[in-house]
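Each remark here refers to the structure printed beneath this line.
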Amino acid sequence: MTYARQRLWLGITGVGSTVVLSAAALLFDLPHRFMRSPVDQSFAGTLAAIALVFVGHALVILPLDVVGGVVVVRERPSLIRWAASWLRAVFVQWLWFALAVAMLLRTAQEFGTIAALLVFVLMQLVLLSQQGLLAQLVGGVRLLPVSEKLTAAASAAGIPAGMVREIAADDHSFVGGWTGVSVHQLWVAERWVSALSAGQLAVALARRVGVRALGLRQRGVLVALAWNTIGFALAASAPRASLANAAGFVTVMAWFTLWQFVGVLVLPSLSRPAVLAADRWAWRTHADTLVASTITQLDRWQDDEAERGRRVETVFHPVPSRGARLRALTAGDQPSGNGFMAAGAWHATRMMLYLGWAGLGGLSRVVHCNLGRPTVWVMLPGD
């Protein structure tokens with residue numbers, strides 16, 4: 001079995017386990033059976049009861065994390081090193097989850113569900129604005145001095161030097177990207193700078209320029225925000241759900257996790273066209289062979305899967321296979337305008353998963369691309 005298929009089956013197991021647990025919790029009303037009224041006698045008791053749920057989930061998927069972080073990887077780290085990074089990442093995520101629960105819980109208790117939904121939206125915006133900081137705290141990525149090679153490539157691509165950051169990451173699948181609400185910083189993986197040729201790096205940066213210029217990144221963020229907000233509102237309105245007590249809150253978490261699962265199936269169809277649009281943007285100003293070699297090299301650091309079955313790609317992959325991307329480059333004439341290229345919402349699927357931290361979604365780190373890999377829990381892999 002190829003590396004890509006091993007990762008896929010690992011992700012199917014992680015997502016499937018989480019979805020089954022959530023569905024069972026709802027079907028058998030487990031939160032209300034096991035969380036009796038005494039836990040709600042104090043705010044601290046309610047908070048602790050909810051916290052135990054996401055700690056329990058972390059323990060349930062720990063075996064899959066070990067396999068995904070130590071076994072099915074490109075380069076195997078030592079178990080001690082991986083365990084240290086995993087503990088740090090889980091601890092930081094636990095702190096955020098505890099903060100999110102406290103804010104949503106208190107707001108719902110004092111001001112009602114509508115006010116709590118507004119807090120949920122605000123927390124998504126905080127996650128968006130602080131994505132870089134959380135990537136450092138959770139994933140251990142490090143900011144490096146911007147090299148001359150990257151400075152020159154960014155300048156040639158029309159990116160101001162002050163917008164570029166060079167990032168060291170332990171995982172080869174780290175791809176960086178635009179960060180912040182206003183798309184004001186571009187994070188570029190140090191591996192790209194050191195291992196890509198000057199021409200390939202120029203193509204990679206040209207794609208990032210296209211993502212920003214065509215509004216693909218903004219659209220991806222808006223789709224993710226809208227999807228999560230609608231889903232959290234529906235979850236909070238579901239039978240036996242409530243943001244004001246422990247059992248009701250866990251019920252909301254379960255419903256929201258199922259909503260994320262629907263998003264994992266639906267949103268890739270919006271993400272894939274944006275990848276192709278960025279490819280064709282770079283193709284306007286760079287040779288076919290150079291764009292093709294860049295796509296090939298970057299894909300080898302990801303799944304390294306030249307072709308996929310149509311159903312597999314439709315359901316599981318927000319980034320098209322490299323074969324599909326290469327064929328799309330030459331499917332039509334060289335683009336002269338931007339209209340048809342602006343289709344899609346870049347990284348909508350994976351941004352939805354990250355911003356789902358605001359609602360304690362259970363799928364944010366159990367998908368095939370980041371299960372067991374804390375480096376990419378916050379900035380998920382992509383094109």
Looking at this structure, is Thr294 at pLDDT below 90 and outside any loop (DSSP other than H, G, I, E, B)? no
Some residue of the stretch 252-267 being touching a helix residue (DSSP H, G or I) at 6+ places or on another chain (Cβ under 8 Å), among the polar types (S, T, N, Q) and assigned by TED's automatic domain parsing to the domain that holds Gly68: yes
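For every residue, the table says whether it meets (1) over 21 Å from Ala244 (Cα atoms); (2) hydrophobic (A, V, I, L, M, F, W, C); (3) part of a helix (DSSP H, G or I).
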position	(1), (2), (3)
Arg7	yes, no, yes
Val15	yes, yes, yes
Ala48	no, yes, yes
Val53	no, yes, yes
Can you find even one residue in the stretch 152-163 that is of a type in the set (Val, Ile, Thr) and at pLDDT 95 or above? no
Selection count where residues are more than 11 Å from the chain's Cα centre (by Cα), more than 14 Å from Leu62 (Cα to Cα) and crowded, with 24+ Cβ neighbours inside 10 Å, scope the stretch 361-383: 2
Taking Asp170 as meeting all but one of (1) outside the structural domain of Gly56 (by TED's automatic domain parsing); (2) in a loop (DSSP other than H, G, I, E, B); (3) more than 30 Å from Asp304 (Cα to Cα), write down the number of the exception. (3)
Picking from Ala328, Ala292, Ala236, Ala244, the residue that is within 30 Å of Phe97 (Cβ to Cβ), touching a Leu at 6+ places or on another chain (Cβ under 6 Å), in contact (Cβ under 8 Å) with a residue 12 or more places away in the chain and small (Gly, Ala, Ser) would be Ala236
Here's a check for you: in the stretch 240-255, which residue that is part of a loop (DSSP other than H, G, I, E, B) and under 13 Å from Ala25 (Cβ atoms) is farthest from the chain's Cα centre (by Cα)? Arg240
Just checking, how many residues over the stretch 35-44 are exposed (fewer than 14 other Cβ atoms within 10 Å of the Cβ) and either under 16 Å from Leu105 (Cα atoms) or out of contact with any Gly (no Cβ under 8 Å at 6 or more places or on another chain) (or both)? 6
Answer yes if at least one residue in the stretch 194-209 is among the polar types (S, T, N, Q), surrounded by fewer than 21 Cβ atoms within 10 Å (Cβ to Cβ) and in a helix (DSSP H, G or I), and no otherwise. yes
Could you please tell me which pairs satisfy a Cβ distance under 6 Å, a separation of 6+ or placement on different chains, a first residue in the stretch 63-88 that is surrounded by 15 or more Cβ atoms within 10 Å (Cβ to Cβ) and among the small types (Gly, Ala, Ser), and a second residue that is in a loop (DSSP other than H, G, I, E, B) and at pLDDT below 95? none
Tally, over the stretch 23-48, of residues that are among the hydroxyl-bearing types (Ser, Thr, Tyr) and touching a residue at least 60 places away in the same chain (Cβ under 8 Å): 1
When you check Ala345 against the structure, is it crowded, with 22+ Cβ neighbours inside 10 Å and out of contact with any His (no Cβ under 6 Å at 6 or more places or on another chain), yes or no? yes
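The values are calculated or read from the model by the stated rules, or taken from the named source; none is laboratory data. Worth saying up front: this structure is predicted, and the values here are computed from it rather than measured. Please note: Cβ atoms are built from the backbone with ideal geometry, for glycine as well, and neighbour counts cover all protein chains shown.
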